[in-house]
Every structure is written in structure tokens, then in C-alpha cells.
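Encoded as C-alpha cells, the structure appears first; notes follow it.
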Amino acid sequence: MEEAPRKRKPEEESSPEEDESPLASEPKRRRISGDGGGGGGEGAEKGNGGSLLGLADYKDDEDEEEGEEREREPNGRRRGEEEEDEEEEERIFASDGPILHEEDQMQREERVAPARRQRHVEEEDEEEEEDRGRADEEEEDEEEEEDDEPRVAPARRQRHVEVRRDCPYLDTVNRQVLDFDFEKFCSISLSNLNVYACLVCGKYYQGRGLKSHAYTHSLEAGHHVYINLETEKVYCLPDGYEINDPSLDDIRHVLNPRFSKEQVLHLDENRQWSRALDGSNYLPGMVGLNNIKETDFVNVTIQSLMRVAPLRNFFLIPENYQHSKSPLVHRFGELTRKIWHARNFKGQVSPHEFLQAVMKASDKRFQIGVQSDPVEFMSWLLNTLHAKLRSSKKKNKSIIHDCFQGELEVIKEIQKRPLPEKKENGEEENNGAVSEGGATNGNVVTEVSRVPFLMLGLDLPPPPLFKDAMEKNIIPQVPLFNILKKFDGETVTEVVRPCIARMRYRVTKLPKYLILHMRRFTKNNFFIEKNPTLVNFPVKNLELKDYIPLPVPKENEKLRSKYDLIANIVHDGKPSEGCYRVFVQRKSEELWYEMQDLHVTETLPQMVALSEAYMQIYEQHE
């Protein structure tokens, strides 16, 4: 049989675990009755005085702790819980109660001690929360005060850069390799941000910091002079100081040409030739344009528009179109300034940046490597520039419309046939008499409208089908005045799209610059056919009022109907394999020049009239 567990006597010593309790180090106390009796045994008699003294000390410590607890009594703790703990302690340490065994006393002390420690921890946590709350309130007050004040963006810390005028590497600058006509992209990272041009080799690199491509290039290649393509500041790398030397101003003018208003006004009076670095001479405004790949249709269009003085003067001053955010407008302005700049390093200009802007703005309708029609490109370019330059949609005005916009009166006659009535014998009968044109009287709808235009299209007569007696093809010729009769208001032009109609046109407003387009190409489903008919036109003094009716001017206005030719675009070769060139006039000398890409040669006015004109620009007499 198993023996029953033996009960532990009060006289036995406590276990080591009990001695390790928080109260084990204190003197062992026994609670006695008021008369000092009560069977405490030998231990009680020996520790009676010590127990009473220890109890008094313990109670004094408890009173001090209770006082401190009352002073820092937390707001979140209920007073009922504290009172229960105090009552429990009083019951344990009451002096008039019976003397407890050591085991019971230690158990109760162990039960009270965690509660006390937990209370201290909670009080400390609540104090921390209160301190944190007060700190948050102070921060909120500071933020509210800051909100009341106007917010100012933090100023960017500017790095102090040393500026020096003496640089030992200025003699390494090679102006012959500098070319700022191409896009400003880093040759390594292909980034367009913070790009620098090496003035020794002409390549583009990004940044000038310790880990930038320009800094690395300066260490590897030993090239030390760089110019920022945006700010036009020149730096020495890897030293990092800025170079302020007047000898570098010519590079800044080539990078970003500048014109004053006085220079623009006297631009057509300049007869001086300029000299390039290679020793060749060139005329400002008559420089050749690089044909990147089948971009001659762009070159002839640009060269023609450069003869329009108001348009050229507008784009020579960037402040005139600073409000526009279109890259096409700014690239066209840069190209205009480079063409008319008299201090270029070379006698040619590459329209690479302008072509990139054209490809992006036209959604690759016009792109490098694909031949296009200069008439279509001229029409698209003028309309796009007008849309990007106008200040608002309501104010439909721009420098484009001021130069090229005219007005036509269009009379449109649409023939409508009635439903035929069937006779008993099955024959069809129309109501009304039939006129000479086959239209039924009373079934013609006439519409009259006013339409603005930027260019006028002229129809050429068809070439002859037979050869002459010498078995040679006859090249037909037609005067310009014959094909201008289309706009006299009486000549009928039949159209089939969008519907069959008879059209009559009459000019009601003449523009300052008249653009004429000869329709030489006929497209069908199989091929493109070119009309070789020559147009005889006057180079000077084209009087329109003798051939087409013009609107009557107002009382204080003078009828201006006389024009002079300033640009003539010509197409040479077959329709699919030909190329374009242009004849332009220089006003300062009144001489004509033939321009085909990079080739610029002087020519006679008679040679201009013998060419197969495709598009012309006339200037109105003042």
C-alpha cells in the first residue's frame, strides 16, 4: 500500500525555492496576538522581539510606498483595485491576528508581490504614455502654427563652385569637331538630363560628379574642358571649377544663336559673306541643309519658308513663342536661328533635331528614310505651327495666319435626281424638263460658303497622247494665267468626292504671301503618273486683278494684287525616284540661288522660269 504524504510541520525549514522568494531575505516574522501569547514555540519566543521590530520597519516602508503611490496615482487605474490590494495586505500583516505558519505567510507574500510589481509596471507605462501624448500635442501645435504661415519650398542646397579665368587646358579646345545640330543625348546613358559636351572631342556626356560619365571620360581620355548644353557654362574636369573666359563666347553663340531686334530689322540689308573654320565662305540665310536620308522634301520646305520675312523675324527671337510648350515650335525656332547665324563654325546646318520633333508630332507620318510630298508637308507644318502658337482656342490668330491665310467664296451645285415614275408599259418617266448638263430643272441645290485657305491648288492640262512629226514627245506649256481662271468665280470645276457636284471658286481675300501648288502627280490604284507640262510664270510683278476678279477694298485701303516670286520648288526625275530642289531669292542683292541639300549655287532668273514648278511662294507688294 502507498503511504499517505506526510504533512510538513511548522518547525521544518523551508525549501530552497521558498528561500529564493522576494521576501525570503527579510527577517522571518510571526504575527502574535495582543497579549504576546499563543503557542509560538521556541522559534516564536526567540524571534518575538525581532519580529515586532521587523514588522514595524516593514510597515514604515509600506507607508512610504503607499504615499508615493498616491502621489503618482494613474488616471487609467480604478481605485477599487488598489483598495482591494491594500485590504489584503492589511489582513496579512495585521498585528492582532493569529500567528501564521511560515509556509502560509510565504505563499501570501508571493501572491501579493506580483500584483505590486504589475501595478508599478502599469504606472510606469501610463507615465510614458502621458509624456508621449504631451509631446504629440506640442508637435501638433507647432504644425498648426506652421500651417498658418505660408509654405515655402525648401531651398536647394547649391554647391559652391570656384570660378577661374585662367585654365591651362583651354588650348586643347578643338572647334572643328564641335557640332551642336544633333540631339542633346549622352553618348553612353542616352539621357537628355544634365548633358555636357566635351570641347576636345565633341562627344556628349551626362553629369560632372564623381561617378558621372563626363568625369570618367576626363580621367580616361584626358579631356578636361566641358560645356553644359543647357546653361552654357564651361567647366574643367576633374578639378570641377568653372571657366570664365571671353574666348569661349563664340562657342556659346554657335550652341545658341542670339539676335537683337535691331539685327533682325536689318537682316535683309546684309551683303557680307561669312567664313567658316575650314576656310569656305557662306551666306547667312543661304546655308545648305544636310540630307540625312531622303529628307530633301523637308529641306526645300524649310528653305522656302526662310524667305518669308515676318515668319523668319518671329522665330529669330525666342521670346515671341516662349508661351508655347510644343517641341516642334522650339526646334523650328532653333533651326531658323542657326540658318541665319553669321558666326557658324561651318557653312551648313543639319536639321536632325527638327526632324525628330516632326516625327513625334506627326506620329511618324513624315519620317527619316521615307520620301514624302513637300506640299503635304508644307500644309501639315503650317497648320501644326498655327495650332501650337495661338494663345487660346477662341483667339484663332497666329503669325501663320497673318502671313498665309486668304479666303475663298465657294459656290457648290449639287444635282439631285427625283424618283422616276413607271408607266403602265414599264417605261420610266421623269418629272420636269432635262437641261443641257443632264440635270433636272428644279432639282439643283446651290450652297454658298466662305472658306479660308493657306495655299491654292492649280490643275494642269493633260499632256498630249500623240507624238509630233519628228517622233519626239511634245512638252506642253501653259501660262499661269490660264490655270488661275479656276478662281474667277465663273469657271466650273466638277468633283466627285464626297458627292458629285459642280464647284465655282472666287478669291475674296488675298494673303500677304500666296502659295500656289501645281498638281503634277496623279495617283491611282496601280501607279503614280507625273504631268510634265511646263508653266510659264513671271518672276516679278504678277498682277492678279487682270485675270481674276478681286474684292473691292475699303475706303482707306488700297488694293494690293501685285506679287513677286521669292521661292520656287521643283521636282526632277520620275515620280517614285525623283528629288526636289528649290530656287530662292536673296533680297539684299536680288539674286537667285539654286539650293539642293548642301549644294548652293547662284543662277539666273531665266532658269527659274524654265523649271517644272511644283510649289511657289509669292510676296505681296507693299
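Values quoted throughout were computed directly from the atomic coordinates according to the rules given, and no laboratory measurement underlies them. As the structure is a computational prediction, the values presented were derived from the model and not from experiment. Backbone-built Cβ (ideal geometry, glycine too); neighbour counts: all protein chains shown.
Odds and ends about this structure:
- Gln606-Val445 FRET efficiency (beta carbon distance; Förster radius 56 Å; 0.05 resolution): 0.70
- In loop segments of the stretch 256-354 as defined by DSSP, the GluC sites (Glu not before Pro) with at most 16 further C-beta atoms inside 10 Å of their C-beta are Glu294.
- Remark: Ile368, Ile302 ranked as Ile368, Ile302, counting other beta-carbon atoms within 10 Å and listing the fewest first.
- For the pair Met503 and Glu376, the difference between a 0.36 nm per residue extended length and the Cα-Cα distance amounts to 43.4 nm.
- Amide H within-cut-off set for Lys233, under 5 Å, with H built and near neighbours excluded: Asn228
- Distance between the pseudo-spin-label points of Asn524 and Gln477 (7 Å out from Cα toward the beta carbon): 3.0 nm.
- Sorting the Cα pairs of the stretch 163-255 by distance into bins of 10 Å, from 0 upward, gives 18, 57, 25, 0 percent per bin.
- Distance between the modelled labels on Asp249 and Val496, one decimal in nanometres: 6.7 nm (7 Å Cα→Cβ projection).
- Among the GluC sites (Glu not before Pro) within the stretch 547-603, those in coil by DSSP and having at most 14 neighbouring Cβ atoms inside 10 Å are Glu555, Glu557, Glu577, Glu589, Glu590.
- Glu577 paired with Asp488, simple spin-label distance in nm, labels 7 Å along Cα-to-beta-carbon: 4.1
- Note on Asp546 and Ser187: the extension gain reaches 123.2 nm, defined as 0.36 nm multiplied by sequence separation minus the Cα-Cα distance.
- Near the amide H of Leu199, within less than 5 Å, lie the amide hydrogens of Val225, Tyr226, Ile227, all on another chain or at least 5 residues away, with H placed in the peptide plane.
- A DSSP coil position with no more than 11 other Cβ atoms inside 10 Å describes the following trypsin sites (Lys or Arg not before Pro) in the stretch 510-556: Lys554.
- Violating pairs (Cα-Cα greater than 25 angstrom) within the set Lys388/Lys530; Lys486/Lys509; Lys184/Lys293; Lys485/Lys540; Lys360/Lys574; Lys211/Lys325: Lys388/Lys530; Lys360/Lys574; Lys211/Lys325
- A Förster radius of 35 Å combined with the Cβ-Cβ distance from Leu229 to Lys395 puts the calculated FRET efficiency at roughly 0.50.
- Counting neighbouring Cβ atoms within 10 Å and putting the fewest first, the residues Cys167, Cys499 line up as Cys499, Cys167.
- Neighbour counts of C-beta atoms inside 10 Å place Asp171, Asp597 in the sequence Asp171, Asp597, starting with the fewest.
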